[in-house]
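Contents: one structure, followed by commentary.
What follows is calculated from the coordinates using simple rules that are stated; it is not laboratory data. It should be emphasised that the depicted structure is a prediction, and the values quoted were computed from it without experimental measurement. Note that we place each Cβ from the backbone using ideal geometry, even for glycine, and neighbour counts take in every protein chain shown.
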């Protein structure tokens, strides 16, 4: 496992973090990053024809057992932020209508400010590297 990955969490801590993330998603205080450097997210959304409702459903169905690790944001000016990685296994239909079991790599940035909490989903695509689950 990468030395920058943190798995030093209790189940209760991840339950609490995930509850905050899901509160934001449930109240539509989230975005999935689709900027030019996030083409992989767009390709995944298009390959499985994931409308906004389906994307939200996938995010709301994440469990504590899907947690992999956290890491510090490396983006200049945002080094204080902690990113949380989950990898749920979801049945999806691809563009050809064929059902597949897909490991979805999801990286969350839970942002707390004076105006409240919100979530940025930085990564939302097929898993493309090995992962270790903390609670499986």
Worksheet item: Among (1) buried (at least 18 other Cβ atoms within 10 Å of the Cβ); (2) over 23 Å from residue 37 (Cβ atoms); (3) free of Cβ contacts under 8 Å to residues at least 40 places away in the same chain, which single condition is residue 62 missing?
Response: (3)
Fill in: Selection from segment 45-67 of residues that are farther than 27 Å from residue 10 by Cα and under 13 Å from the mean Cα position of the chain (by Cα)
55
Worksheet item: Tell me, which strands (runs of 3 or more DSSP E) lie completely within segment 2-119 with 1 or more residues that are within 18 Å of residue 131 (Cα to Cα)?
Response: 67-72, 82-86, 89-93, 99-113
Worksheet item: If you scan segment 8-23, which residues turn out to be over 13 Å from residue 60 (Cα atoms) and loosely packed, with under 12 Cβ neighbours inside 10 Å?
Response: 8, 10, 12
